[in-house]
Amino acid sequence: MTIKAGDTFPSGTLYEMTAEGPSGVSTDDVFANKTVVLFALPGAFTPTCSAQHLPGYVALADQIKAKSVDEIICFAVNDVFVMGAWGKSQNVGDKVRMMADGSGLITQQLGLELDLIEAGLGTRCQRFAMVVENGTVKSIDVEAPGEFEISSAAHQLSRL
């Protein structure tokens, strides 16, 4: 079943690259006492994700955070090393937190898997954006396959 507004974000571990190396972070800690805009995409270094999705959030990060958002998270089924390298290549700095769901376990719990096996990419995450307040999903916008509109930074900013 796909997660929806009003549901609790599932408990599990996401990974991020730190100055000390890869670090596992509990989703319970990620969302505790915060408002977070989390956007997910099929994969790091892919065309739409690299040209539009992530750059949009980097460009609008200050405006989004000015709407009482504590953190912006980019989420993908990639390993932590890829997410760290992609964040550096996109100059995200501290504007967007790059979180890896390397094995897709959180994606499975969300019910938002994307089968890209025939394209040689395995099982990934659908493109979506959600607002999570203190662990509860307040809104979620899941894109139709091949689309990029409602999960964009501009659209999410307009909804805050």
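Results, tabulated for the structure shown:
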read-out	value
Evaluation of Ser151 against (1) surrounded by fewer than 16 Cβ atoms within 10 Å (Cβ to Cβ); (2) assigned to a loop (DSSP other than H, G, I, E, B); (3) touching a residue at least 40 places away in the same chain (Cβ under 8 Å) (one fails), failing number	(1)
Members of the range 1-53 that are more than 21 Å from Leu110 (Cα to Cα) and in contact with a Phe, Trp or Tyr (Cβ under 8 Å, 6 or more places away or on another chain)	Met17, Pro22, Ser23, Phe45, Thr48, Ser50, Gln52
Residues that are in a loop (DSSP other than H, G, I, E, B) and surrounded by 12 or more Cβ atoms within 10 Å (Cβ to Cβ), drawn from the range 12-27	Gly12
Tally of residues being touching a strand residue (DSSP E or B) at 6+ places or on another chain (Cβ under 7 Å) and either at positive phi or surrounded by 14 or more Cβ atoms within 10 Å (Cβ to Cβ) (or both) across the range 104-137	21
Unique match (being farther than 24 Å from Ala19 by Cα, free of Cβ contacts under 8 Å to residues at least 40 places away in the same chain and not aliphatic (A, V, I, L, M)) among Pro55, Pro47	Pro47
Residue, nearest to Gly111 (Cα to Cα), within the range 58-96, restricted to residues that are assigned to a loop (DSSP other than H, G, I, E, B) and of a type in the set (A, V, I, L, M, F, W, C)	Val77
Every pair of residues 6+ apart whose Cβ atoms lie under 6 Å, when the first sits in the range 15-32 and is closer than 15 Å to Asp101 by Cβ and touching a residue at least 40 places away in the same chain (Cβ under 8 Å) while the second is surrounded by 11 or more Cβ atoms within 10 Å (Cβ to Cβ) and of a type in the set (Phe, Trp, Tyr)	Pro22/Tyr15; Thr27/Phe9; Phe31/Phe9
Checklist (1) aliphatic (A, V, I, L, M); (2) under 17 Å from Ala44 (Cα atoms); (3) assigned to a loop (DSSP other than H, G, I, E, B) applied to Ala144, failing item	(2)
The range 89-136, subset within 20 Å of Thr46 (Cα to Cα) and of a type in the set (Asp, Glu), residue farthest from the chain's Cα centre (by Cα)	Glu118
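One line per residue, one yes/no per condition, for (1) within 15 Å of the chain's Cα centre (by Cα); (2) in a loop (DSSP other than H, G, I, E, B); (3) of a type in the set (Lys, Arg); (4) farther than 20 Å from Asp70 by Cβ:
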{"residue": "Asp29", "(1), (2), (3), (4)": "no, no, no, no"}
{"residue": "Val36", "(1), (2), (3), (4)": "yes, no, no, no"}
{"residue": "Phe39", "(1), (2), (3), (4)": "yes, no, no, no"}
{"residue": "Phe45", "(1), (2), (3), (4)": "yes, yes, no, yes"}
{"residue": "Thr48", "(1), (2), (3), (4)": "yes, no, no, yes"}
{"residue": "Gly56", "(1), (2), (3), (4)": "yes, no, no, no"}
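Quick note: the coordinates plus some simple rules give every number you see, no bench work behind them. Owing to the predicted nature of the structure, the values given are computational and were not obtained by experimental measurement. For neighbour counting, all protein chains shown are included, and Cβ atoms are generated from backbone atoms with ideal geometry for every residue, glycine included.
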